[in-house]
1. Working only within the range A:36-92, note down all residues that are small (Gly, Ala, Ser), touching a residue at least 24 places away in the same chain (Cβ under 8 Å) and under 24 Å from residue B:48 (Cβ atoms).
2. Can you name the number of the only condition in (1) closer than 24 Å to residue B:52 by Cβ; (2) at pLDDT 95 or above; (3) in a loop (DSSP other than H, G, I, E, B); (4) of a type outside the set (Lys, Arg) that residue B:145 fails?
3. List, please: which pairs have Cβ atoms under 6 Å, are six or more places apart or on different chains, and start with a residue in the range A:115-132 that is under 18 Å from residue B:4 (Cβ atoms) and touching a residue at least 24 places away in the same chain (Cβ under 8 Å) and end with one that is small (Gly, Ala, Ser) and assigned to a loop (DSSP other than H, G, I, E, B)?
4. Which condition number in (1) over 24 Å from residue A:49 (Cβ atoms); (2) assigned to a loop (DSSP other than H, G, I, E, B); (3) facing chain B (nearest Cβ under 7 Å) is the one that residue A:110 fails?
5. Working only within the range A:82-107, note down all residues that are of a type in the set (A, V, I, L, M) and either under 9 Å from the mean Cα position of the chain (by Cα) or part of a strand (DSSP E or B) (or both).
6. Can we say residue B:180 is acidic (Asp, Glu) and within 13 Å of chain A (Cβ to nearest Cβ)?
7. Every residue in the range B:91-107 that is within 7 Å of another protein chain (Cβ to nearest Cβ) and under 15 Å from residue B:43 (Cβ atoms), please.
8. If you scan the range A:124-138, which residues turn out to be more than 7 Å from chain B (Cβ to nearest Cβ) and within 18 Å of residue B:200 (Cα to Cα)?
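The values are calculated or read from the model by the stated rules, or taken from the named source; none is laboratory data. Note that the structure is a prediction, hence the values are computed from the model and not measured. Reconstructed Cβ throughout: ideal geometry from the backbone, glycine too, with neighbour counts over all protein chains shown.
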Amino acid sequence: MDEKDMTLRVEALESILVEKGYVEPAALDVIIETYEKDVGPRNGAHVVARSWVDPAYRERLLTDATAAIAELGYGGRQGEHMVAVENTADEHHLVVCTLCSCYPWPVLGLPPTWYKSPAYRSRVVIDPRGVLADFGVTLPTDTRITVHDSTAEVRYLVVPRRPEGTDGWDEGSLAALVSRDSMIGTGLVEVPA
Amino acid sequence: MNTVADLGGMMGFGPVRPEPEDERFHADWERRALALTLAAALPGGWTIDASRSARESLPPGEYLTSSYYAIWIKALERLLVGAGLVGADELAERRALRPGRPGPVLAASAVPGVLAKGSSADRPIDSTPRFAVGDRVRTRNVHLVGHTRLPRYARGKEGVVERVHGAHVLPDSNAHGAGEQPEWLYTVRFPGRELWGEAADPGLTVEIEAFESYLAGT
């Protein structure tokens, strides 16, 4: 089915649902605006940066991620039960949903297309290093890799490693370094050259 | 059901194509598809598990050749027809032919509250958990005809309980209108070699969330 037909199909469905009184068009606009403007990976970057500068917060995040994330004002749909996992020199974490597209919306927003693609979902559980190579990421061969397959309503946030050379940086400057991919585990955080 | 959506370990889909962070939608219809799917769940009254079941049981060829929001729209149409809210004839003619059925509607003013609150799957339970962190467990080798969240690659495999999450709504029953039937939910970790054999990356561990009925002791 081509894009033009999907456009017509979705327009038709919306008009049917509106005409039958099941959907309020203004509600659709608010949903879209929420996930286009308000809820996205900058929320997660805030959480990660806080955990880097505040050891007590880091401890709370790793113990009860849902509560620690709520402290910063984030929570709700698709983030009701959160777990944070921290990358170290020895262990690297990756998140996937092999069965569908489960993703921590309150901290990362909507999942990118690649996260929902058969290419990613099929391969990351059996060949994570191959997938990382697609992102230009090579880990040392002795770094262990843990892949989290989100098969229920638990959602994962990866806390990437804080890059070297950032001692003394404030939370905002650190958050600006934290990419969405680094919080899924398909990227690393680096200081721009 | 052994569905095409259960993709873990399949091969041949080619490389993963990264995208920039600000690329959230590729067409305006994707925005509407997202919003319609979220908004229609209230009048529809179906559960998130029923939505997932509708998506994964699209014909396999269609599933693999549809973009993700196209999968959502096709599943939404099935759910609407299944719930009796929209007629197949209305979808075919692409217009409303009859008035709708009165019922709850998501108001624009309610959206922020609904999204901020979410819909937790955590539930109270009377029983004590059968397994504890560190216990060795084996996933059941079952091939159900209904919805399940135990991936094929992790069936009949031995692992270790990593976390105990409390009790959660059981998708296997909730997807089919058989009630929430909450069960203890565990994270179970498997060595890569248990799942993928001797050729697996020796440093690989894969974790899944498993409901108690997915597990047996060893």
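1. Within the range A:36-92, the subset small (Gly, Ala, Ser) is A:40, A:44-45, A:49, A:51, A:56, A:65, A:67-68, A:70, A:73, A:75-76, A:79, A:84, A:89.
Checking the rest, the ones that are also touching a residue at least 24 places away in the same chain (Cβ under 8 Å) come to A:40, A:44-45, A:49, A:51, A:65, A:75-76, A:79, A:84, A:89.
Passing the criteria: A:40, A:44, A:65, A:75, A:76, A:79, A:84.
2. (2)
3. As it stands, the answer is A:125/B:8, since those pairs meet every condition given.
4. (1)
5. From the range A:82-107, those of a type in the set (A, V, I, L, M) are A:82-85, A:89, A:94-96, A:99, A:107; that's our starting set.
Across the range A:82-107, the qualifying residues are A:82, A:83, A:84, A:85, A:94, A:95, A:96, A:107.
6. On the way: acidic (Asp, Glu): yes; within 13 Å of chain A (Cβ to nearest Cβ): yes.
Taking the combined requirement at face value, the residue satisfies it.
7. B:96, B:99, B:100, B:105, B:106, B:107
8. Of all residues in the range A:124-138, those more than 7 Å from chain B (Cβ to nearest Cβ) come to A:124, A:127, A:130, A:132-133, A:136-138.
If the condition is that a residue be more than 7 Å from chain B (Cβ to nearest Cβ) and within 18 Å of residue B:200 (Cα to Cα), then A:124, A:127, A:130, A:132, A:133, A:138 are the ones that fit.
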